[in-house]
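As structure tokens, the structure follows; a few thoughts come after it.
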Amino acid sequence: MRKDYIVFVDFDGTITAKDVGYEMFRKFTDAKTQPVVDRYRLGKVNSYTCLKTECEIWNRFPPEEKDVLEYLKKQGITDGFADFTEILRNDHVKMYIVSEGFDFYIEAILNSNGFSKLDRITNKAVYKNGEILPDFPFLGQGCGECSNCKGFHIKKLTDPKSSAIFIGDGHSDFHGAGAADIVFAKSFLKKDLEKTGRNYFEYGDFYDIIEIWREISSRKLFAFSERLFFCRISGNRRNDFENLWETGEVMKNVGYPQGLGWSNQRYDKFWETLDRKSFVLFAVEDKNGRFMGEAKLSFPDEDNSCSHDVKLLPEYQGKGYGREAWGLLMELSRRRWPDSIMSVTPSVENAVAIELYKSLGFEFDGEQREWIPSSESPAAVPVRYRRMIKF
């Protein structure tokens, strides 16, 4: 399997055309479950309480099992889902179904539609004699609010160097979206994300997702904001990065007023070992694919400090792109290492960068220091700097 992407998909209302769990409880209880669902949607009860109460209402007058099973057989799958799963298989991308629904009806629908082998993480229930006896094996893991927190599973299963993609539609998908790097949203989830200002791809069915997935895959998109795309490095970007690093206007504040001055051999060695380094390097692109600069997502060091970085070409400086790139970097960092410290070391002469970091919540930590370049970097000059940190 590829390690650059991992996909998580909600079930009810996303894979299925209808929100099957909600509709099933409502149908077979004569809508007696609606009040607790309304309270859940208003945030007055959590999903565990909602689901547990729905089961209790159901079990007071359980319907005929054959009627329920017949109902489940008729539930349709969202257009394009079969093609989407086939594309992911061909692309060697791992996919998980993550749901707060119960396994007995999810498995019945998947099996009847030829998807029995798909990996899924769900709540469980014994369905016997018409009664639903729920079990919540993941209760208390993750946020502590969800009966089966999708965000918990996404964080647990996603490698820090992988981009997590989440596809959902409902209120219960909010934590899943928060843990993912790329989100597809519609319906209630779309409205929830709009309230927070989170960027997402809107979709109607999986054919829409397939079209966007092809662009994601071809551009090697890792995450995006309103105007910027963070993309993994592809072969045709090597010259762009090297030109960036050899631009004195970009590199002067880190001690290279004429650029790095590296030889082809030194660049070759850097690119050969890039995958083994403790950071992920992104090409910062605009929506049209124009190269704007770089962003570096660094792993925590032995002091639990992440030294992220952004460098932009001169023509993109002073236009708010740096702030936007840093905002996206900090989102990626918080998803992966929520307890880490973010640190930067701006030159004391770089007033613009210092003011930007201050506005992002960074504070000075310690006295002024000086970086002295080694003899292996004849193009470098000393730099006076102060460390700034953000918790």
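Given the criteria assigned to a strand (DSSP E or B), assigned by TED's automatic domain parsing to the domain that holds Lys66, crowded, with 21+ Cβ neighbours inside 10 Å and among the hydrophobic types (A, V, I, L, M, F, W, C), does Ala177 qualify? So that I can check it myself, show each step before the final result.
On the way: assigned to a strand (DSSP E or B): no; assigned by TED's automatic domain parsing to the domain that holds Lys66: yes; crowded, with 21+ Cβ neighbours inside 10 Å: yes; among the hydrophobic types (A, V, I, L, M, F, W, C): yes.
It is false that Ala177 is assigned to a strand (DSSP E or B), assigned by TED's automatic domain parsing to the domain that holds Lys66, crowded, with 21+ Cβ neighbours inside 10 Å and among the hydrophobic types (A, V, I, L, M, F, W, C).
In the list Gly13, Gly21, which residue meets the criterion of being part of a helix (DSSP H, G or I) and under 27 Å from the mean Cα position of the chain (by Cα)?
On the way: Gly13 fails: part of a helix (DSSP H, G or I).
Checking each option against the conditions leaves just Gly21.
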(request) For residues that are basic (Lys, Arg) and either free of Cβ contacts under 8 Å to residues at least 12 places away in the same chain or under 11 Å from Val183 (Cβ atoms) (or both), tally how many sit in the range 154-172. (result) 1
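Please enumerate the residues belonging to the range 318-361 that are in a helix (DSSP H, G or I) and of a type in the set (A, V, I, L, M, F, W, C). Before you say what the answer is, go through the steps one by one.
Taking the range 318-361 as the starting set, the residues that turn out to be in a helix (DSSP H, G or I) are 321-336, 351-359.
Within the range 318-361, Ala325, Trp326, Leu328, Leu329, Met330, Leu332, Ala351, Val352, Ala353, Ile354, Leu356 meet the criteria.
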(message) I'm told Gly248 meets every condition in (1) under 19 Å from Tyr5 (Cα atoms); (2) out of contact with any helix residue (DSSP H, G or I) (no Cβ under 9 Å at 6 or more places or on another chain) except one. Can you identify the failing condition by its number?
(response) (1)
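Here is a yes/no grid of residues against (1) surrounded by fewer than 18 Cβ atoms within 10 Å (Cβ to Cβ); (2) under 14 Å from Tyr385 (Cα atoms):
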residue	(1), (2)
Phe299	yes, no
Gly320	yes, no
Met330	yes, no
Arg335	no, no
Ser340	no, no
Gln368	yes, yes
(request) May I ask you to list the residues in the range 191-214 that are out of contact with any Asp or Glu (no Cβ under 6 Å at 6 or more places or on another chain), closer than 21 Å to Glu86 by Cβ and in a loop (DSSP other than H, G, I, E, B)? (result) Tyr203, Gly204
(request) Take the range 374-390 and flag every residue that is over 21 Å from Gly248 (Cα atoms) and part of a loop (DSSP other than H, G, I, E, B). (result) Arg386, Arg387
(request) Looking only at the range 203-236, count how many residues are buried (at least 20 other Cβ atoms within 10 Å of the Cβ), out of contact with any Cys (no Cβ under 7 Å at 6 or more places or on another chain) and closer than 20 Å to His308 by Cα. (result) 6
(request) Please enumerate the residues belonging to the range 123-170 that are part of a helix (DSSP H, G or I) and out of contact with any strand residue (DSSP E or B) (no Cβ under 6 Å at 6 or more places or on another chain). (result) Gly151, Phe152, Lys155, Lys156, Leu157
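For the range 26-93, which helices (runs of 4 or more DSSP H) that fit wholly inside it have 3 or more residues that are under 30 Å from the mean Cα position of the chain (by Cα) and touching a residue at least 60 places away in the same chain (Cβ under 8 Å)? I'd like the intermediate steps shown before the answer.
Working: elements: 34-41, 47-60, 65-73, 81-90.
Output list reads 47-60, 81-90.
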(message) If I filter the range 133-145 for residues that are surrounded by 22 or more Cβ atoms within 10 Å (Cβ to Cβ), touching a residue at least 12 places away in the same chain (Cβ under 8 Å), in contact with a helix residue (DSSP H, G or I) (Cβ under 9 Å, 6 or more places away or on another chain) and of a type outside the set (Phe, Trp, Tyr), do I get at least one hit?
(response) no
(request) Evaluate the range 189-206: report whether one residue or more is in contact (Cβ under 8 Å) with a residue 40 or more places away in the chain and among the basic types (Lys, Arg). (result) no
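The values are calculated or read from the model by the stated rules, or taken from the named source; none is laboratory data. All of these numbers come straight from a predicted model, not from anything done at the bench. Virtual Cβ from ideal backbone geometry, glycine too; neighbours counted across all protein chains shown.
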